[in-house]
Amino acid sequence: MMSEGFEILPHTADMRMRVWGKSIQELFRAALRGMAFYLRPDFAKLPKGAKPVTQAVKVETVDISSLLVEFLSEVIAQSDISNAVFTAVNFRKFGENFLEGEISGFVAEDIEHDIKAVSYHEVDIKRNPETGLFETMLVFDI
């Protein structure tokens, strides 16, 4: 899924994913799509009769890398609560240490893999001087 802004990498006990985007918001969207892909690799083909679900999100942290971890943690929590796969986000407010918006997706009876949590371990959002893209690594506890 290189064209989608994420790449799932081999890792012993966890799931590791490299994400990138032309902007910080695009990187956040790629991370969300990467999680959706891991949960349901067919997430782009909405199952027939799937019930759509949306949820407001609001996160405030100390910096941009923490914001990504806390945002994804909120998505994981909402996925568990709603038994849903969230595939998109619409940001109403977005800054260095806060975001507000709405995540959307669909109720999913069968999820292929489970994500328990996202780690702060390798998260360090930086602009790649060669590509001009923002990128980081993510490690998920599965």
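The values are calculated or read from the model by the stated rules, or taken from the named source; none is laboratory data. The structure presented is a predicted model; accordingly, all values stated were derived computationally and were not measured. Neighbour counts run over all protein chains shown; Cβ positions are idealised from the backbone, glycine included. Side chains are part of the model used for accessible areas, which takes the heavy atoms of the whole protein and leaves out ligands, DNA and RNA. Shrake-Rupley method; radii C 1.70, N 1.55, O 1.52, S 1.80 Å.
Here are the numbers:
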item: Residue list for segment 85-109, restricted to those being free of Cβ contacts under 8 Å to residues at least 60 places away in the same chain and not in a strand (DSSP E or B); result: Gly95, Glu96, Asn97, Glu109
item: Looking only at segment 1-18, and only at residues there that are at pLDDT 80 or above and acidic (Asp, Glu), the one that is nearest to Leu32 (Cα to Cα); result: Glu7
item: Residue pairs meeting the criteria (Cβ under 7 Å; at least 6 apart or on separate chains; first closer than 20 Å to Asp14 by Cα and open to solvent by 20 Å² or more (accessible area, probe 1.4 Å), in segment 122-142; second acidic (Asp, Glu) and outside any loop (DSSP other than H, G, I, E, B)); result: none
item: Scope segment 108-121; condition of a type in the set (Asp, Glu) and either within 15 Å of the chain's Cα centre (by Cα) or surrounded by fewer than 11 Cβ atoms within 10 Å (Cβ to Cβ) (or both); matching residues; result: Glu109, Asp110, Asp114
item: Looking only at segment 7-25, and only at residues there that are touching a Ser or Thr at 6+ places or on another chain (Cβ under 8 Å) and of a type outside the set (A, V, I, L, M), the one that is most open to solvent (accessible area, probe 1.4 Å); result: Arg18
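A quick yes/no check of all residues on (1) surrounded by fewer than 21 Cβ atoms within 10 Å (Cβ to Cβ); (2) acidic (Asp, Glu):
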position	(1), (2)
Asp42	yes, yes
Gly49	yes, no
Pro52	yes, no
Gln55	yes, no
Thr61	yes, no
Phe86	no, no
